[in-house]
Structures are given as structure tokens and as C-alpha cells.
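*Asks:* Provided herewith is a single structure, encoded as C-alpha cells, for subsequent inquiry.
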Amino acid sequence: MRNPGWAGPTAGTALIAVALAVTACGTGSGSSAGGAYGYGNQATQATQAAPTSSSSVSTAALKTETTRAGMVLANDHGLTVYYYSADKPHSGKSACTGTCATAWPPLAAPVKAPAGVRLPGKLGVITRPGGVKQVTLNGYPLYCYIGDKAPGQVTGNGIGGAWHVIKIKA
């Protein structure tokens, strides 16, 4: 189905907006195309997702942001991080590809846990088609949402009943 929002003179503007959103979510080299996150009481100390290639790759520090949904995990720019319930944990794959990954760019690796914060699981990394490294939490791939334009926004939370913020306990 054709989306009329991508046709006409606004196509260039829309593509620039998507490119900026993808760049804002990603932290590594290469281009980047998740109710509350919780897996029982598995509040384990998170470890750093290790870089996999050269030392020129920078490691971004995740943050926490206070939002209307509570305290949530955010990328190094303060944009909310989500998980997608259609993803199968620990499968090593993302169910969000193509146009989905345009609206929900993967959180690019490497990252490190926010200082002094206990995440609700262990950080990890999967490799997406094309070689992009994507951060995982408890085996779930993590994403940003292009609808979030500023730190503290959670406009993607609950979309389709499948996209969820990652709540952090204070």
C-alpha cells in the first residue's frame, strides 16, 4: 500500500527527518534503522555491551529520563528506548525490519549501562542483516521511535499494543 505522506514535495523533508531520527538513535558506526519492560524480578547488574571491531568505535552511555510513564531507559541523546513484544528474546534476530526499522531505528551498539543504575536485565548485542550491531536487554532488541523528538517523550509507548518503554526502578 502506498503511503501518500511520502509522495510529492514533502518527500525530501520526510527523508531528512527519518535520517536525523536514525542518526539520533544510533551510537556506533553504520546507519541505524521495544506496558513497562519487565521480566519478573531479574534486576541484575548490567554489563557493558562490548565493541566488536576497531577501537575507533565510540561507546555511548545510556541514560535514564523521567517521563509521564515513569523513569525510563534512554539513549545517549535522552530519547526513550523501547522493546518490541513481537521480538523473540535470545533469538539473535529482530522482527522489526524494512519500514518498521525506519520508524523504529535499532539502538546501535556499543553502549554502556547508565552509571549507578540497575537495569532489569543484561545488555547484549545482536547483528542485524547488513552487519549493524543492535543492543539487546534480556535478549530483546532495543529501538528508538522517530515520533520522539525530545528527551522525556514516550510517544511510542503502547503503539499497536506491542511497543513498550523500559522502566527503571529508582
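*Asks:* Among the residues of region 133-146, are any among the charged types (D, E, K, R), out of contact with any helix residue (DSSP H, G or I) (no Cβ under 7 Å at 6 or more places or on another chain), surrounded by 15 or more Cβ atoms within 10 Å (Cβ to Cβ) and not in a loop (DSSP other than H, G, I, E, B)?
*Replies:* Within region 133-146, one or more residues are among the charged types (D, E, K, R), out of contact with any helix residue (DSSP H, G or I) (no Cβ under 7 Å at 6 or more places or on another chain), surrounded by 15 or more Cβ atoms within 10 Å (Cβ to Cβ) and not in a loop (DSSP other than H, G, I, E, B).
*Asks:* Does Lys93 satisfy the criteria of being within 15 Å of the chain's Cα centre (by Cα), under 16 Å from Thr59 (Cα atoms), open to solvent by 10 Å² or more (accessible area, probe 1.4 Å) and modelled with pLDDT of 95 or more?
*Replies:* When the stated conditions are applied, Lys93 does not pass them.
*Asks:* Report the residue count in region 70-90 for those that are open to solvent by 40 Å² or more (accessible area, probe 1.4 Å) and in contact with an Asp or Glu (Cβ under 8 Å, 6 or more places away or on another chain).
*Replies:* 1
*Asks:* Tally the residues that are among the basic types (Lys, Arg) and either closer than 12 Å to Trp104 by Cβ or at pLDDT below 95 (or both), restricting the search to region 127-170.
*Replies:* Counting residues in region 127-170 that are among the basic types (Lys, Arg) and either closer than 12 Å to Trp104 by Cβ or at pLDDT below 95 (or both) gives 1.
*Asks:* Can you tell me which residue is farthest from Gly158 (Cα to Cα) among those in region 120-135 that are among the β-branched types (Val, Ile, Thr) and in contact with a Pro (Cβ under 8 Å, 6 or more places away or on another chain)?
*Replies:* Val132
*Asks:* Additional query: Just to be sure I understand, how many residues within region 147-170 are open to solvent by 20 Å² or more (accessible area, probe 1.4 Å) and within 10 Å of the chain's Cα centre (by Cα)?
*Replies:* Residues in region 147-170 being open to solvent by 20 Å² or more (accessible area, probe 1.4 Å) and within 10 Å of the chain's Cα centre (by Cα): 0 in total.
*Asks:* I need every pair where a residue in region 122-148 that is within 13 Å of Thr97 (Cβ to Cβ) has its Cβ under 8 Å from the Cβ of a residue that is of a type in the set (Asp, Glu) and at pLDDT 95 or above, sequence separation at least 6 or different chains.
*Replies:* Close Cβ pairs satisfying both conditions: Pro141/Asp87.
*Asks:* Tally up the residues in region 103-120 that are in a loop (DSSP other than H, G, I, E, B) and surrounded by fewer than 21 Cβ atoms within 10 Å (Cβ to Cβ), please.
*Replies:* Final tally of qualifying residues: 7.
The values are calculated or read from the model by the stated rules, or taken from the named source; none is laboratory data. This one's a predicted model, so the numbers in the text were calculated from it and none came from an experiment. Every residue, glycine as well, gets a Cβ built from its backbone with ideal geometry; the counts of neighbours run over all protein chains shown. With ligands, DNA and RNA removed, areas are computed over all heavy atoms of the protein, side chains included. Shrake-Rupley method; radii C 1.70, N 1.55, O 1.52, S 1.80 Å.
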